[in-house]
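Notes follow the structure.
The values are calculated or read from the model by the stated rules, or taken from the named source; none is laboratory data. In this text the structure is predicted, and so the values were computed from the model without any measurement. Cβ coordinates were reconstructed from backbone atoms using ideal geometry, including for glycine residues, and neighbour counts include every protein chain displayed. Accessible surface areas use protein heavy atoms only, side chains included; no ligands, DNA or RNA. Shrake-Rupley method; radii C 1.70, N 1.55, O 1.52, S 1.80 Å.
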Amino acid sequence: MADIIQLLPDHVANQIAAGEVVQRPASVVKELLENAIDAKATSITLVIKDAGKTLVQVTDNGSGMSVTDARLSFERHATSKIKSAEDLFNLHTKGFRGEALASIAAIAHVELKTKTENSEIGTHLTIEGSKVISQDPAVVPKGTTISVKNLFYNIPARRNFLKSNPVETRHIIDEFHRVALAHPSVAFQMLHNGSDVFNLPSSNSRQRIVNIFGSKTNEKLVPVSEETEILKIEGFVLKPEFGKKSRGEQFFFVNDRFIKSPYLHHAVASAFEGLVKSDIHPGYFLFLEVDTHSIDINIHPTKTEIKFDDEHSIYAMLRATVKHSLGQFNIAPVLDFERDKGFDTPYEYSKKQPTSPSIEVDSDFNPFKEKSKQGNINFPFKRENTTSWESLYVGLKDENTVVSNIGDIEFESEEVTGSLFESNDVETGQVTFQLQNKYIISPLKNGMMIIHQNLAHQRILYEELLKNITVKEAVSQQLLFPLRLHFSKPDVEIIEKIREQLENTGFVFSELKDETIEISGIPVLILESHVVNLLSQLVHDIKEEVPDSGFSQNDMLAKSMAAGMAIRTGVSLNKEEREHLINQLFACKEPSVSPNNKLVFTTMDSIDLDKKFM
Ligand code: ADP
Ligand code: MG
């Protein structure tokens, strides 16, 4: 049989390669912008026409190319960025494959104008379908302009495959965002069909984000910053309440390169656990820096995937760092160096001078006490002995204020100015019911809301505790007789480790050594009889917790304590208690989910109800 294998002509090989590199106009945008960055440009202009289908043009003021380089740049595997295979593991440039220009030139009409700093005169080159049509000297400024016209003119199938202009424009803008976000010090401009789309001056990272996504973004950003031997993390996450149902602003950059990583995304998403509902996607702009030797970017032609040597550590660190930032934000919504923190301290604490609490301990008072049997159905909700639920919180208020009724209770969160009953269209009159000593039912204008009392209380306590642990503002109640508890030595050591956080919540330890713990003060939120259980549970949870890093410990502590302290299922609540719980719940930052991400309440509207009777 005759030999049948032949080498493909270059232009065919280029066309095939182009299929990998160039899927749509946005791919061209990405490659050209990255080349401009690699050429050390400080100002880059992107011009597109008809969503890039007619024209994609990038002009930069970077290094430019010599006459020979201009010609060579369109050869396949022609690159100035690596010389040997080892260089692949020490990449500091966006490009390195030397494929982009060759691929683009195979499937479009390309025009290049370029000049280096030192040459008097530049060069002007035109190429169509990999064939050089002309190369002439030209008077052009330093830098490079590449115009890519009529993309896929010679591959009608690909051209027909392109989506509508709005869709293709969206893709282009996405690529533009990615490069612009990664390089805030470079000025960028983008024009579409002659009009300005973006004009981004050289700036810092925060300003770049705000310039792209609008001035309202500024107050949504929570700074993230951490540096360890293997990883540096900088950037921002969006406050939990600005998470979106659809994938919103989610950006990872590794060594200034935008990457997609479901794995790292998971790390960030899990740091938001308990703060957003499971169908909400948190937003982030995270810039990771790692040693170039510890990653492999060569696994995908468009270079948006990346392989880390030490994926697990990076995952753990990323998660812990984001959690830490969110924890800080929980106590002061914006811990931002460009703003005075004093303005942001929420809650009444900002103006409060430390005062010693005036607490009269009612040793009989037990808000958790199970009510004597009243039958299963709680009508008509009367209770003789109305213990004051609010007295739990005495000491958090000013000395002389006595919280006598629900209306007097001030919310501690700045967002909440009224009660649930205004904001959620609940009928006035505030009727609430308890079902099975487990759920609180509250009628809404259009139906009803069903709240899980235990999970609701966990959420309330969790936010309160997390705040206390970090801001050290909690008040403690002095015990008449110190509580002496015995734990194993390792357990006492664990408690010693979290002593500071516990003290921040209101614990006062008068002794903590060997196998003994002596406690002379406890948080006002908690009952003396609960202390042993709570501490045991805490120690247990700490032992169980996957070794993460110190950061998430506060969060874990708050979760564990909240779970231990929250009113249980089976406890009957009187009217005031129910309403207080509801009001407190809706003063929370994230009332809808428990610290462990369970649904706290659900609503049923009258349409749902009506359906039942059809
Ligand atoms: P790669 O970026 O992988 O090296 P490209 O095909 O994108 O491959 O570019 C080939 C070469 O052309 C680059 O290595 C670079 O030397 C040169 N080049 C491309 N664009 C520019 C530009 N805007 N300014 C200066 N040189 C450029
Ligand atoms: Mg390139």
Check on Ile450, of a type in the set (A, V, I, L, M, F, W, C), modelled with pLDDT of 85 or more and open to solvent by less than 20 Å² (accessible area, probe 1.4 Å): no
Members of the stretch 160-199 that are charged (D, E, K, R), assigned to a helix (DSSP H, G or I) and free of Cβ contacts under 8 Å to residues at least 40 places away in the same chain: Arg170
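To keep it simple, each residue is scored yes or no on (1) more than 22 Å from Thr470 (Cβ to Cβ); (2) in a helix (DSSP H, G or I); (3) modelled with pLDDT of 85 or more; (4) in the same structural domain as Leu466 (by TED's automatic domain parsing).
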| site | (1), (2), (3), (4) |
| --- | --- |
| Gln537 | no, yes, no, yes |
| Ile542 | no, yes, no, yes |
| Val546 | no, no, no, yes |
| Phe551 | no, yes, no, yes |
| Asn554 | no, yes, no, yes |
| Lys589 | no, no, no, yes |
| Pro595 | no, no, yes, yes |
| Asp610 | yes, yes, yes, yes |
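Evaluate the following for Lys232: is it among the charged types (D, E, K, R) and over 24 Å from His183 (Cβ atoms)?
Working: among the charged types (D, E, K, R): yes; over 24 Å from His183 (Cβ atoms): no.
It is false that Lys232 is among the charged types (D, E, K, R) and over 24 Å from His183 (Cβ atoms).
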Some residue of the stretch 20-34 being among the small types (Gly, Ala, Ser) and within 9 Å of ligand 1 (Cβ to nearest atom): no
Sole exception among (1) within 11 Å of ligand 1 (Cβ to nearest atom); (2) of a type in the set (Asp, Glu); (3) open to solvent by 20 Å² or more (accessible area, probe 1.4 Å) for Asp60, by number: (3)
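Can you name every residue in the stretch 486-502 that is in contact with a strand residue (DSSP E or B) (Cβ under 8 Å, 6 or more places away or on another chain) and surrounded by fewer than 18 Cβ atoms within 10 Å (Cβ to Cβ)?
Matches in the stretch 486-502: His486, Glu496, Arg499.
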Unmet criterion (only one of (1) modelled with pLDDT of 80 or more; (2) open to solvent by less than 10 Å² (accessible area, probe 1.4 Å)) for Pro346: (1)
Selection count where residues are under 29 Å from Asp296 (Cβ atoms) and open to solvent by less than 40 Å² (accessible area, probe 1.4 Å), scope the stretch 318-330: 6
Among the candidates Lys40, Lys30, Lys81, residue that is assigned by TED's automatic domain parsing to the domain that holds Arg178, surrounded by fewer than 18 Cβ atoms within 10 Å (Cβ to Cβ) and modelled with pLDDT of 95 or more: Lys40
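State all residues of the stretch 192-217 that are among the hydroxyl-bearing types (Ser, Thr, Tyr) and more than 18 Å from Ala41 (Cβ to Cβ); if no residue qualifies, say none.
Step one: filter the stretch 192-217 for residues among the hydroxyl-bearing types (Ser, Thr, Tyr), giving 195, 202-203, 205, 215, 217.
Those that are among the hydroxyl-bearing types (Ser, Thr, Tyr) and more than 18 Å from Ala41 (Cβ to Cβ): Ser195, Ser205, Ser215, Thr217.
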Qualifying residue in the stretch 566-578 (condition: closer than 16 Å to Phe272 by Cβ and either in contact (Cβ under 8 Å) with a residue 12 or more places away in the chain or open to solvent by less than 30 Å² (accessible area, probe 1.4 Å) (or both)): no
Those residues of the stretch 46-65 which are among the hydroxyl-bearing types (Ser, Thr, Tyr) and within 20 Å of Arg170 (Cβ to Cβ), in sequence order: Thr54
